[in-house]
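Structure first, then comments.
Bear in mind that the values in this text are calculations on the coordinates, not laboratory data. Just so we're clear, the structure is a prediction, and the values are computed from it rather than from any experiment. For neighbour counting, all protein chains shown are included, and Cβ atoms are generated from backbone atoms with ideal geometry for every residue, glycine included.
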Amino acid sequence: MNKKGYTVVELLVLIGVFTIGYFIAANMLSYNFDVDYEDDLYDLKIASIEEQAIVYASAHQELFAESDDVYMTVLDLALENVIVSNKEGVVVDPRDSDATLNDLRVKITNKDDEVTAEVLV
């Protein structure tokens, strides 16, 4: 008898080998594309706090009655409804859901009618 082609068992073995090879290669490649989104979210959160502090201070020029520099905590800004927080005023750290950013200090400066803000980490 002249045999042409493969048997079902041979095809199943071939598909099994390719499948195992695929999963091994995909697992090895996935480590090369591992991205740490938590640090990016943290950086965005800090930038957002600074921007919102500038908006708040620009609308409340009385803050600068005694000095060009004002220090506030993130909790102070949260309680003033300037930044997003939960109803207790807690601003969650995106890197660790059990930690907060409330104790961070924000330096707000008004120099030559230009308001800037910097989160002091």
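When the range 67-90 is filtered for residues that are of a type in the set (S, T, N, Q) and either touching a helix residue (DSSP H, G or I) at 6+ places or on another chain (Cβ under 8 Å) or closer than 12 Å to ASP103 by Cα (or both), the ones remaining, listed by number, are THR73, SER85. Among the strands (runs of 3 or more DSSP E) confined to the range 6-121, the ones with at least 1 residues that are surrounded by fewer than 17 Cβ atoms within 10 Å (Cβ to Cβ) and more than 17 Å from the chain's Cα centre (by Cα) are located at 69-73, 105-111, 114-120.
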